[in-house]
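The values are calculated or read from the model by the stated rules, or taken from the named source; none is laboratory data. The structure displayed is predicted, hence computed values, not measured ones. Glycine also receives a Cβ, built like all others from the backbone with ideal geometry; neighbour counts cover every protein chain displayed.
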Amino acid sequence: MATYQTNAIVLKRENIFEADRLYHLYTEDFGKVKAIAGGVRKINAKLTGHLEPFNLVWVELMTKKGGDLFITTALSEISLLENNASSNQISLFVKMSDFALKMLRGQEKDETMWDFILNSFLAAQKIEAGADKFLNDYKSGFVKIMGFGDNLKEAEHYLGDFL
């Protein structure tokens, strides 16, 4: 069993089994990964507060038989979504996260993409009005980094439903 340590943005979480959760993370060193946190839904679980969606966290990941990743340690650095966020900000964060999850295909380190996603979430904290324009700019920047050009229309032909 190998262990890895990296910074990650918690993009999404899903309840699985009785007390576990599957986390969708975008990591600084490995790109998009899915990892399981065992027992995190129990009342005395220590990882729960650290692994909230839209947190920037330091995580330790361990591979087990079959290649599954498990979160063994997590320490939150900052919450990208502030506690007093408006419903418009929450909606923007969810749309940004969903877009990233659909577009990113697998474990591949990409420093440019890491910086772009992190800085976009940090900038989105300040957005109250103009969320649609911000989201379109985010999508355009995203597809440009992925190599589809700087025009969403060009990417639409290839990516279809993702946009």
Among Thr27, Thr6, Thr63, which is the only one that is closer than 30 Å to Lys133 by Cα and either outside the structural domain of Asp137 (by TED's automatic domain parsing) or at pLDDT 90 or above (or both)? Thr27
Going through segment 77-104 in order, the residues found to be assigned to a helix (DSSP H, G or I) and either out of contact with any helix residue (DSSP H, G or I) (no Cβ under 8 Å at 6 or more places or on another chain) or under 24 Å from Glu60 (Cβ atoms) (or both) are Ser87, Ile90, Val94, Ser97, Asp98, Ala100, Leu101
How many residues does segment 105-128 contain that are touching a helix residue (DSSP H, G or I) at 6+ places or on another chain (Cβ under 8 Å) and either over 20 Å from Val33 (Cβ atoms) or not hydroxyl-bearing (Ser, Thr, Tyr) (or both)? 10
Residues of segment 23-70 satisfying the condition of being more than 18 Å from Glu108 (Cβ to Cβ) and in contact with a Gly (Cβ under 8 Å, 6 or more places away or on another chain): Ala45, Phe70
Scan segment 78-113 residue by residue and report those that are modelled with pLDDT of 90 or more, farther than 20 Å from Ala131 by Cα and of a type in the set (Asp, Glu). Glu111
Checking Phe148 against (1) at pLDDT 90 or above; (2) among the aromatic types (Phe, Trp, Tyr); (3) crowded, with 18+ Cβ neighbours inside 10 Å, which test does it fail? (1)
Tell me which of these Glu77 doesn't satisfy, since it passes every other one: (1) touching a residue at least 24 places away in the same chain (Cβ under 8 Å); (2) closer than 19 Å to Gly141 by Cα; (3) surrounded by fewer than 16 Cβ atoms within 10 Å (Cβ to Cβ). (2)
